[in-house]
1. Taking the Cα atoms of segment A:232-276, what is the range of coordinates along each of the three principal axes, in descending order and whole Å?
2. Suppose R0 equals 60 Å. What FRET efficiency, 1/(1 + (r/R0)^6) with r the Cβ-Cβ distance, do residue B:37 and residue A:440 give to the nearest 0.05?
3. Round to the nearest 0.05 the FRET efficiency obtained for residue A:327 and residue A:280 when R0 = 45 Å and r is the Cβ-Cβ distance.
4. Modelling each spin label as a point 7 Å along the Cα-to-Cβ direction, I'd like the residue B:129/residue A:228 distance in nm, to one decimal.
5. Grab the beta carbon distance between residue A:587 and residue A:271, set R0 = 56 Å, and tell me the FRET efficiency rounded to 0.05.
6. Please report Rg (one decimal) and Dmax (integer) in Å for the Cα set of segment A:150-263.
7. Residue A:372 versus residue A:407, label points 7 Å from Cα toward the beta carbon: distance in nm?
8. Pull out the extension gain between residue B:166 and residue B:44, defined as 0.36 nm times the separation in residues minus the alpha carbon to alpha carbon distance; nm, one decimal.
């Protein structure tokens with residue numbers, strides 16, 4: 001078991017978020033199909049790099065990109081019998097799709113040539129010794145003049161200026177045409193190399209590289225700041241989670257941070273809400289009142305209820321009822337008093353704007369509740385990530401020394417931290433999900449909050465154990481005997497938390513369809529079924545195992561049936577030797 | 001001292017003097033070749049063209065090629081140069097060039113008050129060759145000629161002056177009336 005762990009974990013450390021909840025096949029879509037398309041063997045035995053390429057995307061470094069670009073250009077150039085520069089222009093026009101270029105070209109070559117500017121016929125070149133440059137109107141001998149395929153001559157200086165300006169203006173230079181407005185002849189890389197300055201050539205080359213990724217619908221740059229990798233994605237495979245080599249996880253569809261199980265729309269709305277002016281407006285609505293006369297929002301900052309609006313309005317009124325101060329007398333309960341509720345209500349004083357204020361206040365409080373938790377989990381995840389890195393880089397060694405355990409025996413700690421990082425991410429987005437859950441769907445809300453609560457408490461226990469209890473062992477001067485117990489406990493917590501989160505994710509991805517019944521046999525303690533029906537219990541067990549190995553790459557590898565069994569009662573992964581569950585004492 | 005932009009501007013000026021297109025005139029400032037003044041005359045047979053009353057409005061009948069009275073306004077100088085006896089609208093513009101010329105277009109702006117769907121209230125012009133369709137081949141003569149043809153051929157799809165655009169589409173008579181109004185104004189403005 002350990003040797004296999006080693007082989008996987010060497011690769012695992014690079015991909016923090018990769019394998020949790022993102023299998024290589026569409027996962028969690030229909031629970032009924034769980035059993036069918038899981039191929040346990042292929043998942044567990046393959047090593048991670050092959051595993052990643054089998055997935056629906058590939059990571060490309062700059063060298064990879066250049067190579068592919070050169071290959072595509074060569075291919076088109078050979079098949080269509082045109083120059084490389086012309087092939088490059090064609091490809092760029094058709095979004096770097098070699099198949100599209102071939103289709104369009106062989107369908108109507110002339111039309112394509114016209115549209116792209118690849119004229120075939122050379123315009124008659126004048127035979128005179130001297131030509132006039134069309135831009136500076138100076139005369140130069142013919143050999144000092146250059147022209148595109150159209151034959152319009154321009155002198156070298158003017159060309160340099162023209163090309164230089166175009167390149168400074170941005171990626172539009174890739175579509176450069178002859179300066180003559182009536183002529184559409186394309187100016188490709190071969191001419192740029194002849195005419196432009198060294199810096200401009202570099203810039204042009206850079207734009208061309210970027211275009212290969214940006215103009216191509218199948219590729220995107222990794223959105224992580226400072227990351228130079230691009231991702232090629234196979235459209236139509238359904239899962240949008242990409243994990244880049246720089247360990248940043250993002251969603252293909254919306255290029256935001258990876259946000260499964262919540263969908264892209266919800267995420268977009270949530271992010272907008274966090275940043276929008278709308279929150280300021282809501283605050284203003286909830287915490288200030290409009291002046292009854294000039295309607296400007298006023299925030300009360302002193303004790304007395306007698307408010308005088310700022311010039312030019314200068315209206316004096318009562319903060320509580322917004323009535324004119326001059327009328328504050330018998331009607332409202334005496335001078336400087338405003339306590340007559342019945343009368344006010346009868347008069348319909350608590351009108352539309354008051355109601356809106358109330359609603360805004362409630363909405364703001366509700367939003368604050370979810371936002372606070374979202375943000376807290378976000379910062380908690382950042383802290384966990386840095387703890388993970390420090391653990392990988394220094395602490396593991398230190399611990400290995402202090403407790404005289406070989407580092408290969410300490411993998412469970414890394415796994416625990418990986419799990420924590422991933423679970424914090426999921427938990428964070430479930431709060432955004434919860435905010436947008438319709439208020440009237442009580443059953444769904446209850447179910448959701450139940451699952452979320454279970455997951456959250458599991459995660460807190462795990463995080464606490466990994467953070468605080470581990471510290472004891474790190475600080476210990478001599479090896480401590482109960483380290484093995486700690487190992488068992490942490491590994492157990494890791495696995496339990498993983499199960500809770502899987503349930504939560506699965507439930508959210510099915511849209512909380514099965515409200516009322518928990519469709520995961522793993523968490524629900526169905527004592528009757530597991531005790532009496534042996535076959536059903538076994539079926540359930542292997543189904544759970546099937547889920548686990550499909551869902552989590554490295555760590556779950558150990559839940560292979562031959563090495564561990566999963567308790568039906570609490571899902572703890574027990575070693576084969578145990579006859580009863582080590583966590584809950586439930587008999588196997 | 002002589003940059004490519006300046007050289008090119010000198011050429012443009014020479015060309016303009018040697019072979020001036022009809023209804024267009026322009027010259028750089030004495031001390032700054034990067035800033036030009038230009039005058040565009042309203043195209044013939046359009047509302048931009050003044051009409052027969054023009055000569056009378058000026059108050060001084062001047063025979064073609066004849067002597068100008070003393071203290072003549074610059075406008076009369078222009079009139080003398082023009083072969084036609086009718087005086088259309090005379091619209092003044094400024095053109096500001098940069099050292100990027102001719103790779104970048106100049107900033108062109110009407111000084112005279114204008115009423116046209118593609119001319120903003122501050123005198124800026126919404127014309128494609130002055131923005132994204134610019135080419136280094138265009139020179140001052142080409143710019144001014146394009147603007148002149150824009151006058152009687154507006155593009156209501158990119159309205160800079162929404163009132164003018166609306167009037168042009170819906171109420172031609174009212175539009176023409178307003179045009180004649182600014183044509184008359186253009187003679188008296190300084």
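1. 33, 24, 16 Å, listed from the longest principal axis down.
2. Details: r = 71 Å, r/R0 = 1.19.
Result of the calculation: an efficiency of 0.25.
3. On the way: r = 33 Å, r/R0 = 0.73.
Efficiency, rounded to the nearest 0.05: 0.85.
4. It is 4.6 nm.
5. Numbers: r = 49 Å, r/R0 = 0.88.
Between residue A:587 and residue A:271 the formula returns 0.70.
6. In order Rg, Dmax, the Cα atoms of segment A:150-263 give 19.3, 61 Å.
7. Here the answer is 4.3 nm between the modelled labels.
8. Values: separation 122, 0.36 × 122 = 43.92 nm, distance 2.39 nm.
Gain in length upon complete extension: 41.5 nm.
Each reported figure results from applying straightforward, stated rules to the coordinates on display, with no laboratory input. On a predicted model such as this, the values are computed, not experimentally measured, just so you know. Glycine also receives a Cβ, built like all others from the backbone with ideal geometry; neighbour counts cover every protein chain displayed.
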